[in-house]
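First comes the structure, then the notes that go with it.
What follows is calculated from the coordinates using simple rules that are stated; it is not laboratory data. Just so it is clear, the structure is predicted and the values come from calculations on it, not from any experiment. We place every Cβ from the backbone using ideal geometry, glycine too, and count neighbours over all the protein chains shown.
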Amino acid sequence: MLKWVVLGSGCFSPEPGETGATVRNPAGHALVVGRDILLFDLGFGDLGQMFRAGLDPACATHLFFSHRHPDHVGDLPALLFYYRYARKPRGGRLHVCGPRGFAGFFQRLERAHHPWLKPKGFEIKISELEERDVVNGGDWRVLCREVPHSTEAIALRWEGGRRSVCYSGDTGFDPGFSLFAQQADLLVLECSLPDGAKNASHLQVSQSLQLVKTSGARRSLLTHLSRSSFQELSKRALSPKIRIASDLMQIRVG
Ligand SMILES: [Zn+2]
Ligand SMILES: [Zn+2]
């Protein structure tokens, strides 16, 4: 079984949209691969979202962080603290991956919370990923691409059997990204900004839709939504292959 679970479909601000109806958690996603869970970012509030989605954090084998903005890593200390006292302790190894500079960031985080993040009964491995690096998970692999953002940031592509899922993390417009995401069964792409916004670190609605098209992805999920990008997206006539993410949405892959 392979499924993608959206823990948080929002960005830095969890405030409700203009209608007052939607509070989106910050960026966090889980790829369920059989009994294992691979996490792609875990923004603040997303540990609780795992429980709401029925996902047991003890099953997480890998954490892939696209970058270290708090809306993507906010619940990393919460998760490690939870592991220390969880009713059902975890074992094995947790492989935590992030972009360049991530190992130092992790050390500083551990020191700031010392000793409450130290693993008990399991081990943590930290890896910094650069362009073209590959993480091997046995019957699957994750490829890395560096993407333009306001800090070191990576996009990640999971491949296993004949299936593939590509996650952009936060990125500015990068035409080469569509090659990295080429023919993915599921492309999970950020869509933070309305058209015309002046911010080269994120994608505007039309840029996201352009990358969806040029990638040839079979299905796409637009996420990292702000109030204004969601409003703009809602006005567009989208192909049925494109979905707008919402928290706790689950998508079977392949
Ligand atoms: Zn973000
Ligand atoms: Zn960011």
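A few comments on the model shown:
- Residue with peak Gaussian network fluctuation, the chain [Cα springs, cutoff 10 Å], from Pro194, Pro240, Pro77: Pro240
- Packing-based ranking, highest mean first, of 145-152, 124-131, 27-34 given that Cβ atoms within 10 Å are counted: 27-34, 145-152, 124-131
- Relative contact order, percent, the chain [alpha-carbon distance under 8 Å, six or more residues apart]: 18
- Calculated FRET value between Tyr82 and Ser239, using beta carbons and R₀ = 35 Å, to 0.05: 0.35
- Semi-axes of the equivalent ellipsoid for region 200-254, computed as √(5λ) from the eigenvalues of its C-alpha gyration tensor and ordered from largest down, come to 17, 15, 11 Å.
- Reachable aspartates and glutamates from Lys241, criterion Cα separation under 15 angstrom, eight or more residues apart if same chain: Asp185
- Estimated Rh, region 112-254: Kirkwood, alpha-carbon pairs, angstrom: 16.3
- Peptides ranked, highest mean first, by Cβ atoms within 10 Å: ranges 217-224, 45-52: 217-224, 45-52
- Angle in degrees between helix 102-112 and the longest Cα principal axis of the chain, rounded to the nearest 10: 50
- Global form of region 41-142, assessed from the alpha-carbon gyration tensor, a/c cut-off 1.5: rounded
- Taking the centroid of alpha carbons for each part, region 72-148 and region 149-207 are 22 Å apart.
- A dipole drawn for the chain from +1 and -1 charges on Cβ atoms has a positive end, and of Phe106, Ser229, Tyr85 the residue lying farthest that way is Tyr85.
- Near Ser206, once Lys and Arg are set to +1 and Asp and Glu to -1 for all other residues with Cβ below 14 Å from its Cβ, the sum equals 0.
- Short-range pairs are left out: with C-alpha atoms under 8 Å and at least six residues apart, the relative contact order of region 107-254 is 16 percent.
- With helices as the sole contributors, the chain gives -6000 deg cm²/dmol at 222 nm; each DSSP H run of n ≥ 4 counts as -39500 (n - 2.57), and the sum is divided by every residue.
- Diffusion of region 1-84 by Stokes-Einstein, at 4 °C in a medium of 1.567 mPa s and with Rh set to the Kirkwood radius over alpha-carbon pairs, works out to 101 µm²/s.
- Surrounding net charge for Gly43, when Lys and Arg each add one and Asp and Glu each subtract one, Cβ distance under 12 Å: -4
- Contact order normalised by residue count of region 66-118, Cα under 8 Å, 6+ apart, percent: 50
- Mean projected area (nm²) of the alpha-carbon convex hull when the chain is viewed from all directions: 12.8
- For region 94-148, the percent of C-alpha pairs falling in each 5 Å distance bin, counted from 0 to the bin holding the largest distance, reads 4, 16, 22, 23, 15, 12, 6, 0.
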